[in-house]
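Written below as structure tokens is the structure these notes are about.
The values are calculated or read from the model by the stated rules, or taken from the named source; none is laboratory data. Computed from a predicted structure; not experimentally measured. Here Cβ is always computed from backbone atoms with ideal geometry, including for glycine, and neighbour counts include all displayed protein chains. Accessible surface areas use protein heavy atoms only, side chains included; no ligands, DNA or RNA. Shrake-Rupley method; radii C 1.70, N 1.55, O 1.52, S 1.80 Å.
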Amino acid sequence: NPDLDGVVVPDPATVADDTPKRPDCWATHGVDALKMCTLGPETGYSLHLVAVGDSHNLSMVPAYEKIAEKYNWRIDLAGHAACYWTTADLPLKSQTESASCAQWRGNLQAYLDGADDIDAVLATNSTSVQVQPADGQSRRAAIVGGLVEAWSTMTRRGVPVVAIADNPAAGDDTVQCVEKFARSDPDRCAIPRREAFERYDGNRDATERLDRTALVDMTDFYCTARACPAVIGSVAVHRDRTHVTKTYMVSLAPYL
């Protein structure tokens, strides 16, 4: 929109606060209870989806809300900080955090095992949450194997799993760069595509190994063939190094 030339939203000075304020949708460290919120109608819906994952799943709430409203879908969202749906070992910063994550994943699996009205599960995770391989196992094999084992608990019951590839990471100084240069030279804050995706995302390989799964890859809505801009359509993409702004996620809803 040419009328937005020289404008950046949200204001780069407050971009860190452009996040979904939905504490009812996810648990933080030390909380292992399954906290779940409902987006869209609670009754009379045409599809019932469950979205699970870490904080990158929570970042998608603005898009999920738009989709749920438009298509009359019920989307229940369950998340946990730095913890996602996998059977792989996720060693976090402390034993308490690791134990909380393990308990939450157990609670999530128990819920999914007992649910008989789910049309599909949406799964996503941040590639910055690393798994611990078993002895003699590669990290990539551990990532993919953990996803496949978790997802198969639903796919073998006929419930499809739709994996959403992770969003690109930003540079360490991207937010500061946007605040300083976005209005005058926004291209200056872009980072090379290879750097934005330097961490391995096992979702693609996991979907290729398991029937009744599909991958949604939004990369082309974040990046060109060579770079990932920090501002797209006058909207700041990132609120920190790995999380997308609420405003940009709203703009992605029609494409997601």
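Along Cα→Cβ, 7 Å out, is where each label goes; now give me the distance between the ones at Gln132 and Arg204 in nm to one decimal.
2.9
Can you work out the PRE-style zone for Ala115? Point 7 Å along Cα to Cβ, and I want the residues of the stretch 209-229 with backbone N under 17 Å.
213-214
Among Lys35/Lys70; Lys21/Lys70; Lys66/Lys246; Lys21/Lys66; Lys35/Lys246, which pairs are too far apart, with a Cα-Cα distance over 23 Å?
Checking Cα-Cα distances, Lys35/Lys70 exceed 23 Å.
Short version: ³J(HN,Hα) in whole Hz for each residue of the stretch 137-153, in order, from phi by Karplus 6.51 cos²θ - 1.76 cosθ + 1.60 (θ = phi - 60°), x for Gly and Pro, what are they?
Those phi angles translate into 9, 6, 4, 5, 5, 5, 4, 5, x, x, 5, 4, 5, 5, 4, 5, 5 Hz.
Run the dipole for the stretch 28-158 about the Cα centre, Lys and Arg Cβ at +1, Asp and Glu Cβ at -1, nothing else charged, and hand back the magnitude in debye, nearest 20.
300
Give the accessible area for Arg212 in Å² (nearest 10); use a 1.4 Å probe, count only protein heavy atoms, and leave out ligands, DNA and RNA.
140
In straight Cα distance, which aspartates and glutamates are under 16 Å from Lys93, not counting same-chain residues fewer than 8 positions off?
Lys93 reaches Asp32, Asp54.
Please list Tyr255, Tyr64, Tyr45 from largest to smallest accessible area, probe radius 1.4 Å, with all protein chains kept in place.
Greatest to least solvent exposure: Tyr255, Tyr45, Tyr64.
For semi-axes √(5λ) of the Cα gyration tensor in Å, the listed values are (i) 30, 22, 17; (ii) 34, 24, 18; (iii) 38, 23, 16; which was obtained by calculation from the structure presented?
(i)
Can you list residues from other chains, or at least 5 along the same chain, whose modelled amide H is less than 5 Å from the amide H of Cys223?
Correct list: empty.
Please list, in order along the stretch 62-67, the HN-Hα scalar couplings obtained from phi with the Karplus expression 6.51 cos²θ - 1.76 cosθ + 1.60 (θ = phi - 60°), rounded to whole Hz, x for Gly and Pro.
Ordered by residue, 3J(HN,Hα) equals x, 6, 4, 4, 4, 5 Hz.
Name the residues whose placed amide hydrogens come within less than 5 Å of the amide hydrogen of Val9, ignoring near sequence neighbours (fewer than 5 apart) on the same chain.
Val235, Ala236
Roughly how many percent of the accessible protein surface of the stretch 84-227 is carbon and sulfur, given a 1.4 Å probe and a whole-percent answer?
That fraction is 44 percent.
Take the alpha carbon gyration tensor of the stretch 1-110, find the square roots of its eigenvalues, order them as a ≥ b ≥ c, and report rounded if a/c is under 1.5; if not, report prolate when a/b exceeds b/c, else oblate.
oblate
Among DSSP bridges having both ends in the chain, what percentage is antiparallel? Round to the nearest 5.
35
Can you tell me the accessible area per residue over the stretch 132-213, all protein chains present, probe 1.4 angstrom, in square angstrom?
I get 56 Å² per residue for this part.
Can you compute the modelled spin-label distance between Glu195 and Arg139, with each label point 7 Å from Cα toward Cβ, in nm?
In this crude label model, Glu195 to Arg139 measures out at 1.9 nm.
Amide H to amide H, which residues 5 or more places from Cys37 or on other chains are under 5 Å from it, using H placed in the peptide plane?
Here the answer is Leu77, since their amide H atoms fall under 5 Å of that of Cys37.
Within the chain, which cysteines find no other Cys whose Cβ is under 4.7 angstrom from their own?
none
Between Tyr71 and Thr153, what is 0.36 nm times their sequence separation minus the Cα-Cα distance? Round to one decimal in nm.
Between Tyr71 and Thr153, full extension yields an extra 26.8 nm.
So which trypsin sites (Lys or Arg not before Pro) in the stretch 18-96 end up in coil per DSSP with only 11 or fewer other C-beta atoms within 10 Å?
Lys21, Lys93
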